[in-house]
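**Q** Before anything else, here's the structure in question.
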Amino acid sequence: MTRIAVVSDIHGNLAALEAVAADIRGRGITRVFNLGDSLSGPLLPRETARFLMDSGWLSLAGNHERQILELLRDGRGAESDRYAASQLGSAERDWLRSLAPCVRVDDELLLCHGTPRSDCEHLLETVVGPGTRWASGDEIAERLAGERAPVIACGHTHVPREVRTPAGQLLFNPGSVGLQAYRDDHPVPYEVENGSPDARYAILEKDRRGWQVVHIALPYDHEAMARLARERGRPEWEQALLTGHVTA
């Protein structure tokens, strides 16, 4: 059996990342892919970058990696990206520049952060404001832009989910390691809430029946990360880390 761990959207939450990494090791899984948005936020971006740089995992660039690099060039960016950028040294910045937005693995698996065509587009959900709904088959097909890989792993939305297309492709999102609720304003204002502070990741398996996904939710010391968010002056992050909800 082939077993691969897939993580995404860590957002500098080192405590959640360490819990996930320990669980992966405990299951004897040695191949790990990270779909990006690893550092942005008010938590521990430098320490998270160093963990990932030392891990041997294959990491991608998400939209926040791109935005941090843009900020380093022109000085403009959102609060979470500004904080992350301010904490990174030259080695971490060079590592960010080395990351690709999409990677094809073994001719069967495509890794991307958002969709094959964009790092800030939802693949399996559609933003309708003030929330999201499951994307239709036609919407998913358009966003795939002709991509025919048997398995496509995507992140960005923080929502753990899998879909089988009529063509038999397995599409899945492992959810977020480090942030279980958030507000965003692209393309319109909306909220995502997973309803639990647990760290999320997924295990991709292949046996004689084909590819399948197992979603994992892990408790970790989320209260420590929430306290850190409060100390950084980010009460919205504190609430999300404590509860998995945007508001109490």
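The values are calculated or read from the model by the stated rules, or taken from the named source; none is laboratory data. Computed from a predicted structure; not experimentally measured. Counting neighbours? That spans all protein chains shown, and the Cβs are built from the backbone with ideal geometry, glycine included. The accessibility values were calculated without ligands, DNA or RNA, using every heavy atom of the protein model including side chains. Shrake-Rupley method; radii C 1.70, N 1.55, O 1.52, S 1.80 Å.
**Q** Kindly indicate which of 46, 66, 50, 3 is of a type in the set (D, E, K, R), assigned to a helix (DSSP H, G or I), farther than 24 Å from residue 239 by Cα and more than 16 Å from the chain's Cα centre (by Cα). Talk me through it step by step, then tell me what you get.
**A** Working: 46 fails: farther than 24 Å from residue 239 by Cα; 66 fails: more than 16 Å from the chain's Cα centre (by Cα); 3 fails: assigned to a helix (DSSP H, G or I).
Matching residue, one of 46, 66, 50, 3: 50.
**Q** For residue 145, only one of the following conditions fails: (1) open to solvent by 40 Å² or more (accessible area, probe 1.4 Å); (2) farther than 18 Å from residue 117 by Cα. What is its number?
**A** (2)
**Q** Would you be able to say whether some residue in region 30-38 is open to solvent by less than 10 Å² (accessible area, probe 1.4 Å), touching a residue at least 60 places away in the same chain (Cβ under 8 Å) and over 11 Å from the mean Cα position of the chain (by Cα)?
**A** Looking through region 30-38, none of the residues is open to solvent by less than 10 Å² (accessible area, probe 1.4 Å), touching a residue at least 60 places away in the same chain (Cβ under 8 Å) and over 11 Å from the mean Cα position of the chain (by Cα).
**Q** Give region 76-103 a look and list any residue that's under 22 Å from residue 184 (Cα atoms) and either open to solvent by less than 50 Å² (accessible area, probe 1.4 Å) or hydrophobic (A, V, I, L, M, F, W, C) (or both), or say none.
**A** 77, 78, 80, 81, 84, 85
**Q** Are any residues in region 161-178 surrounded by fewer than 20 Cβ atoms within 10 Å (Cβ to Cβ) and either β-branched (Val, Ile, Thr) or closer than 23 Å to residue 21 by Cα (or both), and if so, which ones?
**A** Matches in region 161-178: 161, 162, 163, 165.
**Q** Filter region 192-231 for residues that are touching a residue at least 40 places away in the same chain (Cβ under 8 Å), over 23 Å from residue 153 (Cβ atoms) and buried (at least 16 other Cβ atoms within 10 Å of the Cβ) and give the result.
**A** Residues satisfying the conditions are 197, 222, 225, 228, 229.
**Q** Of all the residues that make up region 180-191, how many are open to solvent by 20 Å² or more (accessible area, probe 1.4 Å), of a type outside the set (Lys, Arg) and either closer than 26 Å to residue 169 by Cα or in a strand (DSSP E or B) (or both)?
**A** Number of matching residues: 3.
**Q** Another one. If I ask for residues that are closer than 15 Å to residue 158 by Cα, in contact with a Ser or Thr (Cβ under 8 Å, 6 or more places away or on another chain) and in a helix (DSSP H, G or I), which ones from region 6-31 would you list?
**A** 17
**Q** OK, next. Examine region 86-93 for a residue that is under 20 Å from the mean Cα position of the chain (by Cα) and free of Cβ contacts under 8 Å to residues at least 40 places away in the same chain, and state whether such a residue exists.
**A** Yes, region 86-93 has at least one match.
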